[in-house]
Amino acid sequence: MRGKPTTMVAKTVVVGVLADPGLVAEVALPLGQRLPGLLAARVDADVRWEVVVIADRFAADEHGSVRDVVRAVQGHVADGQCDLWVCVTDLPRRMGTAPIAAEASRENGLAVVYLPALGPWRLTPRMADVAAAVVGELVGVPVPLARALRRVEVDEPGVETRILAAGPMGPVRMIAGMVRATRPWRLAVQLSGVLVAAAATAAYSLVISTIWQMGDKLPGYRLAAATVVSITAMVVWLIGSHHLWDRPDDVVGRDRARTYNVVTTVTLLIGVGTLYAALFAVVLVSALLLIDPAVLAEEIGHPAGFTDYLALAWLSASIATITGALGSRLHSDEAVRTAAYGNRQRDRANHVEKAAVE
């Protein structure tokens, strides 16, 4: 895995970018076009930079280091294929409480970029900036960092430099970045069993006059409370029924589990919230199409307006969401388990270990 980290004799330097499949690979793919220009502008303009992007899983651990990644990457890539390597992962890593954005090992000609520390937005340009910075570290040319990042020299085996997400918002950006990696908006689409059960319940509630009267009488804050309760109940049910809560025994593991559990909860809240919004829209349109205003007015005792349909759809969607939680068992666990960050990392490690055995 040794590259050419300290000499710039060659006119061409090939940088390999090894990215985890999924979101990381999608974000890293444009680096093949973007990164050479940045390296020429910020590191060395006399060198012809080439960037090769490879999507492949590699085992890494939050409490590992570049040294561990070097061992994991060996066997995944051919020695001599590239002069330098930048590995990109959605695994979080911290130094104390500060998220680590990247680590560099000049000895091995390899660096690791930890995507969650870069936050949830503008990932490709941020990754390109950090990748250019760590390549600069590998060749001994310090590159200016963004204001939210700071460089730390360390004296650890296999690691000389770390780039940290500085400031009190660093941990918040890391959590947001981890949630972004789970792509929670896809959860509503994947939970077809929940959507079917919820839609069936909502359709039934639309023909019950008691629901019409309750929707008319309940004030807005109670309807809002019903929304909160229904979404919370769905999230709790999904976590409990699909065993998504991490409970490790050791102290270090508990700290990591707390982070994973926060990410899992936020992911499910966004996913279920998206499902609720879609269900609400469907119920509202159905109510407007199927329930005659005169019939509704007769039941609620006054002329029916749009706000009455809105309240009816609001209450029906909340009731249907709670009932729809039972439908989550009709769907494969896999769709829900992807929302658990700890499961994602364990599945990746198991995949790599199995591939190594084979």
Using just the C-alpha positions of the range 12-169 as equal point scatterers, what log10 of I(q)/I(0) does the Debye formula give at each q in 0.12, 0.16, 0.21 1/Å?
-> -0.43, -0.80, -1.54
Dimensionless Rg/Rh of the range 160-266 - Kirkwood Rh, Rg from C-alpha atoms | 1.12
Of Ala117, Val17, Ala132, which is farthest along the charge dipole of the range 12-169 in the positive direction, counting Lys and Arg as +1 and Asp and Glu as -1 at C-beta?
-> Ala117
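Quick check on the range 12-169: of the DSSP beta bridges with both residues there, what percent are antiparallel, nearest 5%?
Numbers: 16 of 35 bridges.
DSSP beta bridges in the range 12-169 are roughly 45 percent antiparallel.
Each reported figure results from applying straightforward, stated rules to the coordinates on display, with no laboratory input. No experiment lies behind these values; they were computed from the predicted model shown. As a convention, Cβ positions derive from the backbone with ideal geometry for all residues, glycine included, and neighbour counts pool all protein chains shown.
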